[in-house]
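Some notes on the structure that comes next.
The values are calculated or read from the model by the stated rules, or taken from the named source; none is laboratory data. Values in this document were obtained by computation on a predicted structure and should not be read as measured data. Positions of Cβ are backbone-derived with ideal geometry, glycine not excepted, and every protein chain shown enters the neighbour counts.
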Amino acid sequence: MKYFYSLTLLIIFCCQSPNDLKKKKDISKSEEISLKNNFQIYVPKKNSYVDSIVQSVSELRDLKISIEDLTKLNLNGIESFLDETLIMCDNLLNLKNNDFISRPEIKGRLKVLKTNILKCKFNNHRNDFKKLNENLRKLFISYNILIERLENLR
């Protein structure tokens, strides 16, 4: 019986194709991970109406800084910055005492921004960098629309 098992194992190993034995994963080659640098965010002019709003609401100022930081990163270390941006967005959504931020059109834009941040976090967690780049583009577009909404509320 021992010989039968030995013979069976020998046949299995001998029947493997030589290509399967020669295949080795090359771990040294890492996938190129880069953020497409064609992202543009809207930066309000100094002393403009929107700039005064951003400067007067500390949570909005923190969100602006966090979004600007996201444009300067490569994708390898973006997770903690996405977490920070999500916290800043949540802080703005939970802000109760500011009539300006509590407007439905601003709250709605903040919720869209939060959704895009969550999509970026999900794709980053899955290491799907193509979709992450696409969602980052959508995130920056939604941020730009938020700032434009602020500008239109004058």
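Of (1) under 10 Å from the mean Cα position of the chain (by Cα); (2) in contact (Cβ under 8 Å) with a residue 40 or more places away in the chain, residue 146 satisfies all except one. Which?
Unmet for residue 146, out of (1) under 10 Å from the mean Cα position of the chain (by Cα); (2) in contact (Cβ under 8 Å) with a residue 40 or more places away in the chain: (1).
Is there any pair linking a residue in segment 70-86 that is under 18 Å from residue 137 (Cβ atoms) to one that is of a type in the set (Gly, Ala, Ser) and buried (at least 16 other Cβ atoms within 10 Å of the Cβ), with Cβ under 8 Å and at least six apart or on different chains, and which?
Listed by first residue and then by second, the contacts come to 81/66; 85/66.
Checking residue 137 against (1) in contact (Cβ under 8 Å) with a residue 40 or more places away in the chain; (2) farther than 19 Å from residue 43 by Cα: exactly one of these is not met. Which one?
Exception for residue 137: condition (2).
Kindly provide the set of residues from segment 116-133 that are over 9 Å from the mean Cα position of the chain (by Cα) and over 13 Å from residue 83 (Cα atoms), ordered by number.
The answer is 126, 127, 128, 129, 130, 131.
Give, as residue ranges, the helices (runs of 4 or more DSSP H) completely inside segment 37-154 that count at least 2 residues that are modelled with pLDDT of 85 or more, among the small types (Gly, Ala, Ser) and surrounded by 14 or more Cβ atoms within 10 Å (Cβ to Cβ).
Passing ranges: none, list empty.
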